[in-house]
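For reference, the structure is listed below as structure tokens.
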Amino acid sequence: MPQNHLPAGFADLEPYLEWSLASEQLRSAKRQGSSIEALRAFYAAMMPRMEAVLEFLAGFAPQAVTDDGVRTLFLMTLSLAEIAPAVENYGQASVIDGYDVARFVAVHE
Amino acid sequence: MAPVPKAQARSWTERYPELGTGPLPVEPYISPAYFALERERIFRKVWLNVGRVEQIPQPGDYFVKDLAICKTSVLVVRGKDGVIRAFHNMCSHRGNQLVWNSHGSCRAFTCKFHGWTYALDGKLHQVTDEESFFDLDKAKLGMSPVAVDSWEGFIFINVSAEPAQSLHDYLGEDFKASIAGYPFAKLSGNCFSWYTDVNANWKVAHDAFAEIYHIPTLHRRMIGDVYASKGNPYAHALEFKVFGRHARVSLSANPDRQATAVETLAGRFGDVVLQQVNTDASAFPKGVNPSAYPNWSFDGLAVFPNCLIYVSQGTYLTHIFWPLAEDRCRWEIRTYAPPAENMAQRFAQEYGKCSFRDTLLEDGSTLERTQTMLMSGVKREIYLQDQELILRHRLKTAESYINGNA
């Protein structure tokens with residue numbers, strides 16, 4: 001389960017904890033179920049902080065087990081990666097004229 | 001910036017006169033009779049890429065590949081001696097499928113039906129209540145072997161009882177040399193993979209990923225300017241080359257591409273699938289980036305009949321298309337890169353993965369629509385341009401197998 005707090009210095013992103021999701025399937029479903037306004041709000045909150053977030057996360061192995069919200073923050077960045085094409089390329093949650101993403105079975109997490 | 005070498009119009013295809021330049025028939029994409037011929041004369045005869053050695057690193061590791069087109073299920077296993085073997089996934093007793101899960105690790109295979117047990121090398125080890133059988137010769141009742149071999153870490157099987165040639169002869173020296181030295185093993189530590197069952201002939205799906213012609217149009221929102229540039233608006237290839245039944249295309253990148261904010265961010269922390277610009281032509285072995293072009297993007301290898309391998313800097317990917325019926329296939333996609341060293345690098349990989357997946361969803365939309373209209377029978381021919389050489393070559397190669405001239 002995601003922590004209900006983020007590492008020191010990143011507390012301003014706590015309104016977006018709902019984006020801390022553990023698999024591509026969950027992140028994709030969240031994107032597809034969101035309005036473009038909600039995606040843009042998450043994007044707008046994350047982007048000015050990403051420089052600092054990534055420099056911080058570069059200090060942790062991907063599978064590192066931490067109890068201080070590091071993984072929560074990390075999973076939020078993976079959600080940013082998931083929704084980036086929606087905001088930057090499509091202007092809508094789903095791929096324009098796209099094949100149904102639910103039919104695309106991810107073998108990985 | 002070096003301009004993309006200007007090929008004469010239609011010159012690539014015309015270098016291979018046996019390919020012709022005319023339209024090609026729709027029939028192979030819609031005909032159940034043609035599908036049956038593909039099964040008997042291609043898929044049950046040739047070497048097929050079913051996975052990679054990294055999937056089964058330890059003795060006892062195995063995976064199962066259901067091959068509807070070959071009318072069998074194949075079990076690929078690494079033995080105690082480290083040797084990779086393949087078998088029809090079938091118990092010798094009354095034919096039950098021996099292994100039911102897709103992959104795993106074990107010391108022996110035990111049939112869930114009556115408990116017959118097979119060693120990792122396929123030998124029948126133990127029969128439940130053996131004394132009640134009549135003259136059972138266990139030495140003759142091992143699992144039925146399937147020919148298996150590997151190349152650059154890719155595992156190939158051949159279900160023919162006696163393959164006409166070895167995997168290495170099937171691939172050919174020139175084709176193997178064209179990619180020798182590319183660091184497949186080093187890049188295979190982390191695999192992201194998807195599959196989807198598509199209501200389209202496997203060749204409709206294959207063709208959609210075997211040409212670049214569509215990218216500036218279909219992918220204009222996502223990667224329209226990755227390969228196309230001011231000097232090369234139709235993303236013409238640097239080079240095409242035919243190696244017998246296999247072929248290769250080499251692509252340049254647009255050095256003036258405008259990356260999005262997240263892509264730029266990701267690019268600073270790791271390699272992003274399919275959006276690479278390699279600026280150091282000497283970074284790869286001789287066969288890769290064959291024109292030593294300074295803004296090389298990737299080479300695409302078409303391994304006959306159903307496998308495409310795209311190699312680039314720091315990452316490679318494969319598409320494999322498995323026929324299910326004349327109008328259905330399973331499309332498997334795998335991207336490979338070294339495991340991320342830290343969470344920031346993993347974010348970069350995730351962006352590469354998601355943007356690539358979304359690009360594939362753009363492709364996916366054409367497949368069933370194309371199949372539906374081909375099945376209408378309204379048009380009997382398709383028209384290929386010079387840059388669609390890989391498709392023409394694959395269609396012609398298949399024709400030679402179907403006609404018994406391969």
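Restricting the search to region A:31-57, which residues are more than 14 Å from the chain's Cα centre (by Cα) and among the β-branched types (Val, Ile, Thr)?
The answer is A:Ile36, and nothing else.
Taking B:Ala237 as the residue in question, decide whether it is assigned to a strand (DSSP E or B), under 22 Å from the mean Cα position of the chain (by Cα) and buried (at least 19 other Cβ atoms within 10 Å of the Cβ).
no
Which residues, counting only those in region B:216-261, are under 30 Å from B:Thr397 (Cβ atoms), among the aliphatic types (A, V, I, L, M) and within 14 Å of chain A (Cβ to nearest Cβ)?
Passing the criteria: B:Leu218, B:Ile223, B:Val226.
Of the residues that sit in region B:240-269 and are within 20 Å of B:Glu14 (Cβ to Cβ), in contact (Cβ under 8 Å) with a residue 60 or more places away in the chain and of a type in the set (Gly, Ala, Ser), which one is surrounded by the most Cβ atoms within 10 Å (Cβ to Cβ)?
So, considering only residues that are within 20 Å of B:Glu14 (Cβ to Cβ), in contact (Cβ under 8 Å) with a residue 60 or more places away in the chain and of a type in the set (Gly, Ala, Ser), the one surrounded by the most Cβ atoms within 10 Å (Cβ to Cβ) is B:Ala247.
If you take just the strands (runs of 3 or more DSSP E) that sit entirely in region B:62-142, which of them hold at least 1 residues that are farther than 25 Å from B:Ile42 by Cα and without any contact (Cβ under 8 Å) to a residue 24 or more places away in the chain?
B:108-110, B:117-119, B:124-126
Considering region A:18-70 alone, what residues qualify as being in a loop (DSSP other than H, G, I, E, B), of a type in the set (A, V, I, L, M, F, W, C) and facing another protein chain (nearest Cβ under 10 Å)?
Once the filter is applied, which keeps residues that are in a loop (DSSP other than H, G, I, E, B), of a type in the set (A, V, I, L, M, F, W, C) and facing another protein chain (nearest Cβ under 10 Å), region A:18-70 yields A:Ala58, A:Phe60, A:Ala61, A:Ala64.
For residues that are closer than 24 Å to B:Lys203 by Cα and among the aliphatic types (A, V, I, L, M), scanning just region B:313-338, find the one that is nearest to the other protein chains (Cβ to nearest Cβ).
Checking each candidate, the answer is B:Ile333.
Confirm whether B:Tyr310 is under 19 Å from the mean Cα position of the chain (by Cα), away from every other protein chain (no Cβ under 12 Å), surrounded by fewer than 23 Cβ atoms within 10 Å (Cβ to Cβ) and of a type outside the set (D, E, K, R).
Yes; evaluated as a whole, the condition is true for this residue.
Within region B:325-339, is even one residue farther than 21 Å from B:Ile179 by Cα and modelled with pLDDT under 95?
yes
State whether one or more residues within region B:339-361 are more than 8 Å from chain A (Cβ to nearest Cβ), assigned to a helix (DSSP H, G or I) and of a type in the set (Ser, Thr, Tyr).
yes
Does A:Leu73 satisfy being under 16 Å from the mean Cα position of the chain (by Cα), crowded, with 22+ Cβ neighbours inside 10 Å and in a helix (DSSP H, G or I)? Break it down into steps so the answer makes sense when it comes.
Numbers: under 16 Å from the mean Cα position of the chain (by Cα): yes; crowded, with 22+ Cβ neighbours inside 10 Å: yes; in a helix (DSSP H, G or I): yes.
Judged against the criteria, A:Leu73 is a match.
I'd like the residue in region B:189-207 that is within 14 Å of chain A (Cβ to nearest Cβ) and closer than 21 Å to B:Phe156 by Cβ and, out of all such residues, is surrounded by the most Cβ atoms within 10 Å (Cβ to Cβ).
The qualifying residue surrounded by the most Cβ atoms within 10 Å (Cβ to Cβ) is B:Ala205.
Does B:Lys65 count as crowded, with 20+ Cβ neighbours inside 10 Å, modelled with pLDDT of 95 or more and closer than 30 Å to B:Lys203 by Cβ? Spell out the reasoning first.
Details: crowded, with 20+ Cβ neighbours inside 10 Å: yes; modelled with pLDDT of 95 or more: yes; closer than 30 Å to B:Lys203 by Cβ: yes.
The answer is yes for B:Lys65.
Only one of B:Ser166, B:Ser193 is at pLDDT 95 or above and within 20 Å of B:Val311 (Cα to Cα); which?
Being at pLDDT 95 or above and within 20 Å of B:Val311 (Cα to Cα) holds for just one of B:Ser166, B:Ser193, which is B:Ser193.
The values are calculated or read from the model by the stated rules, or taken from the named source; none is laboratory data. Since this is a predicted model, take the numbers as computed values, not measurements. Methodologically, a virtual Cβ is constructed for each residue, glycine included, from the backbone with ideal geometry; neighbour enumeration extends over all protein chains shown.
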